[in-house]
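Worksheet: the structure to be examined is printed underneath.
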Amino acid sequence: MEISGTATLITGASRGLGEALALELGRQGARLVLVSRKRAALEPVVRRIREAGGEAHALEADLGSKDDIYPLAGAAAALLGPIDLLIHNASELGPTPLRLLLDTGCEDLERALAVNLLGPFRLSRVIAGSMALRERGTIVHVSSDASVNAYPHWGAYSVSKAALDHLSRLWAAELGERGVRSFSVDPGEMDTEMHRAALPDADRAPLARPEFVAARLAALLRSPSIANGARIELQSLGAHS
Amino acid sequence: MKAAAFPRARAEQERLLVIDPAWSSFADHRIGDLPRFLGRGDALVLNDAATLPASLRAGPELELRLMSELDDGTWLALCLGSGDQRVPTEERGTPPRLAVGAELSFGHGLSAHVRALDPDSARLLVLEFQQRGAELWQALYRAAVPIQYSYLREPLALWDVQNAYAARPWAIELPSAGKPLRFEIIFRIAARGVTVTHVTHAAGLSSTGDARLDARLPLAERYELSPENAARLRATRDAGGRIIAVGTSVTRALEAASTSGALRAGNARTELLLGPGSSLRTCDGLLTGLHEPGTSHFALLEAFAPRALLERAFRHAEREGYLQHEFGDSCLIATGSLSGRSISPAAEWREAG
């Protein structure tokens, strides 16, 4: 797909991979709505994109809250027009330090599912209808290797990401014929706040920098050869380069 | 006719009255039957405007209903006095008289100045919001609720007033003809070789509660038809297919886009009014809600079918318990809908007399 001029919504855009993606896609000319739970946290990112001549707007929303979804989609479409690229990047790790399933509260699992699965479902449901009508659009789900590996202590997050991968495949199966692409992306281990929260004692040297991963993901978006519904491991594509 | 008092959960079970002007006949169906009445080469045109929450409170004595965004970013708004959505609009209290320059605060960080007053009515004014861009839209979505009328049982949520395929929030009230169209139905229609496409039309306020102001409705409304979609519809027409508008708002937009003859792409405002005797250049048929004789919506239907047939069909619908208004049942008016089918149309005729 062509990035320049594309109306793009990125959730979880105030830091980490979301911030890096916003800056990268902004540099490539995407028109951006950036979403975070705190608007103030988005403002430095918006400012950097605008200073570089790009277009970006900050909207505050909690993806885990049903009441926030329609206002977010409505305000985003008012600002940019119909959304053509929707990137579900916001994630809820669950309580830290990470804990065994037997020590995980049901409410903690509910919260992880609300932000990591229901939120993306709800937001896609509002936005993908217009994509199906207009016969174009791309939905990206930021996943994790925890979605395919059963790492002890990662239960709530892991379960939500496994379901998110499958949600991505289902969107592709149902909307592919209407010109809508959906895929999930495992960015690999990155040097982010979320990684520090999950694994505070890990050696940070081998971790990928979010901006490298963002550049790789942007290249992937431009590539027409990705099979609809695919789950892509960016690391295996050389994200650490 | 009874009003639907709330959005219904099982949209596919909603009813569809099919009226064929060529056969001067009508028949009872369910909305899920709609694909049967459209065929290869036809086009179905949706209004993809999302519905803005357009009712704002500036205290217990004053509600403002946004009517239309003007070209300079200000808004035309209607003032209503004491009472809420459960009180019929015409029985609402007299709103306080506002002066030019007055500042209004709606909470949630949203505020506006009164920029101008309508010369004919103190209830119409031009508002300028003090917020811009993302700050404005975020605050507006927090402060405002959907416009609704007294026949509805419960307060509407924002999702109650959205069509499944909506994008830009241009509509002040739900473009309701599209509400029963779940994607299951839309995809079945597309699979029959029907072109499913769209315009964006800023459907406006349907009632002010003041007969003198209502006579000015509908106001000029903005629409956009993309070059790509205009070309698809011209191709439909050139190949002899029918163009079916979903809703009076789509009809208004498509006919406005073809006032000069051929259908042209554009982003414009239209003041076009359609009614009995209007000659339609683009629309061959209409999917709409049920509207009672005497309303401006009914007058528009008369551009598609003779009044006597519509009255007969709607009397039948009333007897059969069809529901009206934005969450009510549907009606397809299209020549050729009941002809050419395997069963004799005569078997389905309802001559209500």
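The values are calculated or read from the model by the stated rules, or taken from the named source; none is laboratory data. Keep in mind it's a predicted model, so treat the numbers as computed, not measured. Glycine also receives a Cβ, built like all others from the backbone with ideal geometry; neighbour counts cover every protein chain displayed.
Would you mind finding the one in B:ALA177, B:ALA143, B:ALA157 that is closer than 15 Å to A:PRO71 by Cα and in contact (Cβ under 8 Å) with a residue 12 or more places away in the chain?
After ruling out the rest, the residue left standing is B:ALA143.
Within the range A:19-36, identify whether any single residue is part of a helix (DSSP H, G or I), farther than 27 Å from B:TRP170 by Cα and over 16 Å from the mean Cα position of the chain (by Cα), and answer yes or no.
Yes: the range A:19-36 contains one or more residues that are part of a helix (DSSP H, G or I), farther than 27 Å from B:TRP170 by Cα and over 16 Å from the mean Cα position of the chain (by Cα).
Could you please tell me which pairs satisfy a Cβ distance under 7 Å, a separation of 6+ or placement on different chains, a first residue in the range B:51-63 that is closer than 18 Å to B:GLU173 by Cβ, and a second residue that is surrounded by 23 or more Cβ atoms within 10 Å (Cβ to Cβ) and hydroxyl-bearing (Ser, Thr, Tyr)?
The qualifying pairs are B:PRO53/B:TYR141.
For residues that are of a type outside the set (A, V, I, L, M, F, W, C) and not in a loop (DSSP other than H, G, I, E, B), scanning just the range B:139-151, find the one that is nearest to the other protein chains (Cβ to nearest Cβ).
B:TYR141
Report whether or not B:THR288 is within 25 Å of B:ALA22 (Cβ to Cβ), in contact with a helix residue (DSSP H, G or I) (Cβ under 8 Å, 6 or more places away or on another chain) and assigned to a strand (DSSP E or B). Break it down into steps so the answer makes sense when it comes.
Working: within 25 Å of B:ALA22 (Cβ to Cβ): yes; in contact with a helix residue (DSSP H, G or I) (Cβ under 8 Å, 6 or more places away or on another chain): yes; assigned to a strand (DSSP E or B): yes.
Yes.
Please go through the range A:153-197 and give me each residue that is within 14 Å of chain B (Cβ to nearest Cβ) and either under 20 Å from A:SER236 (Cβ atoms) or among the aromatic types (Phe, Trp, Tyr) (or both), ordered by number. Working first, answer last.
Step one: filter the range A:153-197 for residues within 14 Å of chain B (Cβ to nearest Cβ), giving A:170-171, A:173-180.
Matches in the range A:153-197: A:TRP171 only.
Regarding the range A:43-55, can at least one residue be identified that is more than 9 Å from chain B (Cβ to nearest Cβ) and in a strand (DSSP E or B)?
yes
Could we say that A:LEU170 is modelled with pLDDT of 95 or more, more than 15 Å from the chain's Cα centre (by Cα) and closer than 22 Å to B:ALA166 by Cα here?
So A:LEU170 passes the test.
Looking only at the range B:118-129, which residues are under 27 Å from the mean Cα position of the chain (by Cα) and of a type outside the set (Ser, Thr, Tyr)?
Correct list: B:ASP118, B:ASP120, B:ALA122, B:ARG123, B:LEU124, B:LEU125, B:VAL126, B:LEU127, B:GLU128, B:PHE129.
Can you say whether B:LEU98 is surrounded by 17 or more Cβ atoms within 10 Å (Cβ to Cβ), in contact with a Leu (Cβ under 7 Å, 6 or more places away or on another chain), in the same structural domain as B:GLU128 (by TED's automatic domain parsing) and of a type in the set (A, V, I, L, M, F, W, C), as far as the supplied structure shows?
yes
Quickly run through the range B:295-316 and pick out the residues that are hydrophobic (A, V, I, L, M, F, W, C) and closer than 16 Å to B:VAL18 by Cβ.
Hits for the range B:295-316 are B:LEU301, B:PHE304, B:ALA305, B:LEU309, B:LEU310, B:ALA313, B:PHE314.
Which residues, taken from the range B:284-303, are of a type in the set (Val, Ile, Thr) and crowded, with 17+ Cβ neighbours inside 10 Å?
B:THR288
Just give me the residues in the range B:123-148 being among the charged types (D, E, K, R) and under 29 Å from A:VAL46 (Cα atoms), in sequence order.
Those that are among the charged types (D, E, K, R) and under 29 Å from A:VAL46 (Cα atoms): B:GLU128, B:ARG132, B:GLU135, B:ARG142.
Only one of (1) part of a loop (DSSP other than H, G, I, E, B); (2) in contact (Cβ under 8 Å) with a residue 60 or more places away in the chain; (3) more than 19 Å from the chain's Cα centre (by Cα) is not met by B:SER279, so which one is it?
Going through the list (1) part of a loop (DSSP other than H, G, I, E, B); (2) in contact (Cβ under 8 Å) with a residue 60 or more places away in the chain; (3) more than 19 Å from the chain's Cα centre (by Cα), B:SER279 breaks only (2).
Residues in the range A:58-89 that are of a type in the set (Gly, Ala, Ser), more than 10 Å from chain B (Cβ to nearest Cβ) and touching a helix residue (DSSP H, G or I) at 6+ places or on another chain (Cβ under 6 Å): how many? Please lay out each step first, then the result.
We begin by selecting, within the range A:58-89, every residue of a type in the set (Gly, Ala, Ser); these are A:58, A:61, A:64-65, A:73-78, A:81.
With more than 10 Å from chain B (Cβ to nearest Cβ) added as a condition, the list becomes A:64-65.
Then drop every residue that is not touching a helix residue (DSSP H, G or I) at 6+ places or on another chain (Cβ under 6 Å), which leaves A:64.
Selection size over the range A:58-89: 1.
List the residue pairs whose Cβ atoms are under 9 Å apart, where the first residue sits in the range A:195-211 and is under 19 Å from A:HIS153 (Cβ atoms), the second is assigned to a loop (DSSP other than H, G, I, E, B) and of a type in the set (S, T, N, Q), and the two are 6 or more positions apart or on different chains.
These pairs meet every condition: A:ALA197/A:THR96; A:ALA198/A:THR96; A:PRO200/A:THR96; A:LEU207/A:THR192.
Do the conditions hold for A:TRP154, that is, is it aromatic (Phe, Trp, Tyr) and closer than 30 Å to B:ILE185 by Cα?
So A:TRP154 fails the test.
Scan the range B:112-134 residue by residue and report those that are within 9 Å of chain A (Cβ to nearest Cβ) and surrounded by fewer than 22 Cβ atoms within 10 Å (Cβ to Cβ).
B:GLY133
Scan the helices (runs of 4 or more DSSP H) fully inside the range B:152-251 and keep the ones with 1 or more residues being within 14 Å of chain A (Cβ to nearest Cβ) and modelled with pLDDT of 95 or more.
Qualifying helices (runs of 4 or more DSSP H): B:183-191, B:227-238.
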